[in-house]
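Working notes, beginning with the structure itself.
The values are calculated or read from the model by the stated rules, or taken from the named source; none is laboratory data. None of these values were measured; they are calculated from a predicted model. Note: ideal-geometry Cβ built from the backbone for every residue, glycine included; neighbour counts use all protein chains shown. Just the protein is used for accessible areas: all its heavy atoms, side chains included, with ligands, DNA and RNA removed. Shrake-Rupley method; radii C 1.70, N 1.55, O 1.52, S 1.80 Å.
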Amino acid sequence: MLLHGIRSSVAEFYSQNLANEVKKGLNEKVKSGGTPSRAPLGYLNIRRVDDKGREERTVILDEERAPLIKLAFEEYSTGNWTVQDLAEHLAACGPTTRATPRIPSQSINKKSLNKAWINPYYKGIVPYQGVEYDGTHPALVDADTWQQVQDILETHTNGKRTREHPQLLRR
């Protein structure tokens, strides 16, 4: 029993230490401008190995999808498009979202557009745990266009939405 307790304690310490080291590594990567997770639509995560055998993981522009995301930002910033119309136009252009092992690729829809428009990654900023860092990846849109899209999205919201659903027959 004593030996089992000691082994359990050592295993728990090892697991916590490993988790702390991973978090520390991710924080350092983000502070140096890297992307800590999968890049959003319009970018590709790649791995490179240099001549000394060191692996570098970086983000590049997706040649197929990046022009469409840039077009979506530019067109929506004019204020002449609705989200539905622009989503239909982009879906007609052809490229789709990237497939994952569990989710097949889909055409670009309203949900993916809204998700892209609020992501500061497209203007060169890497958000991580509530803090924004300057990224080393190429920005798809300039800060002015991104801000124009944010202003348009803000004017289209219908006030504060609450997730609270009061139960009338509760008492």
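So, by mean Cβ neighbours within 10 angstrom, what's the order for 10-17, 106-113 with the highest one leading?
106-113, 10-17
Once the dipole of the stretch 1-109 is set up with Lys and Arg at +1 and Asp and Glu at -1 on Cβ about the Cα centre, which of HIS89, ILE60, LEU18 lies farthest towards its positive end?
Value: LEU18.
Just to be sure I understand the model, the point goes 7 Å from the Cα along the line to the Cβ. What's the resulting ASN20 to ARG7 distance in nm?
2.5
With +1 on each Lys and Arg Cβ and -1 on each Asp and Glu Cβ, and nothing else charged, work out how big the dipole of the chain is about its Cα centre, in Debye to the nearest 20.
With Lys and Arg at +1 and Asp and Glu at -1, about 1020 debye.
Run down the lysines and flag those whose C-alpha is under 17 Å from the C-alpha of LYS111, throwing out any fewer than 8 positions away in its chain.
Hits, sequence-local ones excluded: LYS70.
Taking the chain as the reference, fit the longest principal axis to its C-alpha atoms, fit the long axis of helix 66-77 to the helix C-alpha atoms, and give the angle between the two in degrees, 0 to 90, nearest 10.
50
Given (1) 18.6; (2) 23.4; (3) 14.0, which label gives mean projected area of the Cα convex hull in nm² as computed from the coordinates?
For mean projected area of the Cα convex hull in nm², the calculated option is (1).
Over the heavy atoms of HIS4, what accessible area does a 1.4 Å probe trace out, to the nearest 10 Å²?
It works out to around 130 Å².
Determine, from the Cβ-Cβ distance of ALA139 and ARG102 and an R0 of 35 Å, the FRET efficiency 1/(1 + (r/R0)^6), rounded to the nearest 0.05.
Once the sixth-power term is evaluated, E becomes 0.70.
Would you please put 66-79, 21-34 in order of how densely packed they are, using the mean number of other Cβ atoms within 10 angstrom per residue and starting with the highest?
Most protected by this proxy first, the peptides run 66-79, 21-34.
Taking the 0 to 90 degree range and rounding to the nearest ten, how far is the long axis of helix 2-31 tilted relative to the main principal axis of the chain, both from C-alpha atoms?
For helix 2-31, the angle is close to 40 degrees.
How far, in degrees from 0 to 90, does helix 143-155 lean away from the longest principal axis of the Cα atoms of the chain, to the nearest 10?
70
Can you list the equivalent-ellipsoid semi-axes of the stretch 96-171, largest first and in whole Å, using the square root of 5 times each Cα gyration tensor eigenvalue?
The three semi-axes for the stretch 96-171 are 30, 20, 15 Å.
Which order do the peptides 130-142, 47-59 take when ranked by the mean count of other beta-carbon atoms within 10 Å per residue, highest first?
Sorting 130-142, 47-59 by mean packing, highest first, produces 130-142, 47-59.
For the residue pair ASP50 and GLU64, what label-to-label distance in nm results when each label sits 7 Å from Cα along the Cα-to-beta-carbon direction?
That separation, rounded to one decimal, is 3.1 nm.
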